Amino acid sequence: MTSKMTIHDYTRIALMAALISISSYIAVPLPFSPVPVTAQTLAIMLCGMLLTVRQSFYTLSVYLLLGTIGLPIFAGGGSGLGIIMGPTGGFLFGFLLAAVFISLTKGDQPSLWRYGLVNAIGSLVVVNLAGVPWLAWATGMDLPQAFAVGFMPFLPGAIIKLVIATLLAWKLVPQLRWLPASQSSH
């Protein structure tokens, strides 16, 4: 049985897509990498933690579509197909995969350790498994070089964002339980 989308689903999707879009403006370019430091992975982890799998998928699909058609919502206000096909395109697709992965594996009961593990795998492994090879392909770098400029410089900040997202989710998920379930039948 497929459940219909509710106004609560659409609201959650829109709000989280807005949060991800806003987080893309917190961007610091690095002189040695075509990939900027952004707050997007923090928003992606929260998306996966706070939304259902379906909501996470739609949130990132809407975000990617809006950025691709020209809204300036990619890192630093970028947009368009050129960004999707460029050095950071794989990371953008990795965001979708990571949010869905996190939603799928977060479990039903809040758990600080499980949230931390799931966020770590989603943000550090899934995003980079999509992003680093794409970076290599788009720039002509070899894989070790793409790893060196597309992953390693971001690790300290990624760990900080991981801790923040995990602690926020651990506190927020129980507080959001009163909201209507997305699987309600209307």
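The table that follows gives values for the structure above.
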{"quantity": "Scan of region 51-95 for residues that are of a type in the set (A, V, I, L, M), out of contact with any Lys or Arg (no Cβ under 8 Å at 6 or more places or on another chain), touching a residue at least 40 places away in the same chain (Cβ under 8 Å) and within 19 Å of R12 (Cβ to Cβ), ordered by number", "calculated": "V53, L60, V62, L66, I73"}
{"quantity": "Hey, S111 within 21 Å of A27 (Cβ to Cβ) and hydroxyl-bearing (S, T, Y) or not", "calculated": "no"}
{"quantity": "Evaluation of F101 against (1) among the hydrophobic types (A, V, I, L, M, F, W, C); (2) free of Cβ contacts under 8 Å to residues at least 40 places away in the same chain; (3) within 28 Å of L176 (Cβ to Cβ) (one fails), failing number", "calculated": "(2)"}
{"quantity": "Test: residue in region 46-61 that is crowded, with 21+ Cβ neighbours inside 10 Å and of a type in the set (G, A, S)", "calculated": "yes"}
{"quantity": "Conditions (1) farther than 30 Å from P174 by Cβ; (2) out of contact with any strand residue (DSSP E or B) (no Cβ under 9 Å at 6 or more places or on another chain); (3) not aromatic (F, W, Y); number of the one not met by G131", "calculated": "(2)"}
{"quantity": "Residue check, A158 touching a residue at least 24 places away in the same chain (Cβ under 8 Å) and either crowded, with 17+ Cβ neighbours inside 10 Å or touching a Ser or Thr at 6+ places or on another chain (Cβ under 7 Å) (or both)", "calculated": "yes"}
{"quantity": "Pair list, Cβ under 8 Å, 6 or more apart: region 121-145 residue within 20 Å of T166 (Cβ to Cβ), other residue of a type in the set (K, R) and in a helix (DSSP H, G or I)", "calculated": "S123/K161"}
{"quantity": "All positions within region 80-109 that are over 18 Å from W134 (Cβ atoms), assigned to a loop (DSSP other than H, G, I, E, B) and either at pLDDT 95 or above or within 16 Å of the chain's Cα centre (by Cα) (or both)", "calculated": "K106"}
{"quantity": "Residue check for S123: at pLDDT 95 or above, out of contact with any strand residue (DSSP E or B) (no Cβ under 9 Å at 6 or more places or on another chain) and among the polar types (S, T, N, Q)", "calculated": "yes"}
{"quantity": "Filter result (in contact with a Ser or Thr (Cβ under 9 Å, 6 or more places away or on another chain), polar (S, T, N, Q) and without any contact (Cβ under 8 Å) to a residue 60 or more places away in the chain) within region 1-43", "calculated": "S23, S24, T38, Q40"}
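The values are calculated or read from the model by the stated rules, or taken from the named source; none is laboratory data. Just so it is clear, the structure is predicted and the values come from calculations on it, not from any experiment. Don't worry about glycine lacking a Cβ; one is built from the backbone with ideal geometry, like all the others, and counts go over all protein chains shown.
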